[in-house]
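Novice: Starting off with a structure, shown below.
The values are calculated or read from the model by the stated rules, or taken from the named source; none is laboratory data. In this text the structure is predicted, and so the values were computed from the model without any measurement. Cβ sites come from the backbone with ideal geometry, for glycine too, and all protein chains shown count toward neighbours. For the accessible areas, the whole protein counts, side chains as well, though only heavy atoms, and no ligand, DNA or RNA atoms are used. Shrake-Rupley method; radii C 1.70, N 1.55, O 1.52, S 1.80 Å.
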Amino acid sequence: QVQLVESGGGLVQPGGSLRLSCAASDRIFSFVAMGWYRQAPKEQRELVALITSNGRTNYADSVKGRFTISRDSAKNTVYLQMNSLKPEDTAVYYCNGKRAATDYWGQGTQVTVSS
């Protein structure tokens, strides 16, 4: 069973930075794509950033220029560098790995942006 374990969340002031990590129990190149989603209270889960197996990236408009997704294949880890954080970035952030017919999810990590 594939496991995705997120870490790096926490409380940060507006304008601050955090880096989230997602450690996979399997080779990250075995996934068609890996990404980060977030879900705020009473909101639907939404895509934040995605990286495909061939390295293409995709970002939500709301985070373009502020967030960067990257990966380290030697560590089987995907990262989300979040800069210039805003209160509206507050949410639970989930790591996702996609294979042909299956989505795998981590347990989520809370990010709170508040002064």
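Novice: If the viscosity is 1.002 mPa s and the temperature 20 °C, what Stokes-Einstein diffusion coefficient in µm²/s follows for the chain when Rh is the Kirkwood radius over Cα pairs? Walk me through the numbers before you get to the answer.
Specialist: Details: Rh = 14.0 Å.
Rounded to a whole number, D works out at 153 µm²/s.
Novice: Using each residue's phi in the range 69-77, evaluate 6.51 cos²θ - 1.76 cosθ + 1.60 at θ = phi - 60° and report the 3J(HN,Hα) Karplus result to the nearest Hz, with x for Gly and Pro.
Specialist: Karplus-based 3J(HN,Hα) across the range 69-77 equals 9, 8, 8, 10, 5, 5, 9, 6, 10 Hz.
Novice: First compute the accessible area of the chain with a 1.4 Å probe, then give the percent of it belonging to carbon and sulfur atoms.
Specialist: Heavy-atom surface of the chain belonging to carbon and sulfur, 1.4 Å probe: 45 percent.
Novice: Long-range amide H contacts for Phe67: which residues qualify at under 5 Å (H placed 1.01 Å from N, peptide plane, sequence gap of 5 or more or a different chain)?
Specialist: Asn83
Novice: Let me ask something else. Rounded to the nearest 0.05, what FRET efficiency do Asn54 and Ser25 have when you use their Cβ-Cβ distance and R0 = 35 Å? Provide the component values of the computation, followed by the final result.
Specialist: Numbers: r = 22 Å, r/R0 = 0.63.
Efficiency computed from Cβ-Cβ geometry: 0.95.
Novice: Further, regarding this structure: Over the chain, give the accessible area per residue in Å² for a 1.4 Å probe, as an integer. Present the calculation step by step, with values, prior to reporting the outcome.
Specialist: Working: 6170 Å² over 115 residues.
Value returned for the chain: 54 Å² of accessible area per residue.
Novice: Turning to a different aspect of this structure: Going Cα to Cα from Lys75, which aspartates and glutamates come in below 16 Å? Please leave out same-chain ones fewer than 8 positions away.
Specialist: Glu6, Asp26
Novice: May I ask you to evaluate 6.51 cos²θ - 1.76 cosθ + 1.60, the Karplus curve with θ = phi - 60°, for each residue of the range 80-85 and list the ³J(HN,Hα) values in order in whole Hz, giving x for glycine and proline?
Specialist: Karplus-based 3J(HN,Hα) across the range 80-85 equals 10, 8, 10, 10, 6, 5 Hz.
Novice: Expressed in nm to one decimal, what extension gain is obtained for the pair Ser73 and Val32 from 0.36 nm per residue of sequence separation less their Cα-Cα distance?
Specialist: In short, 13.4 nm is gained.
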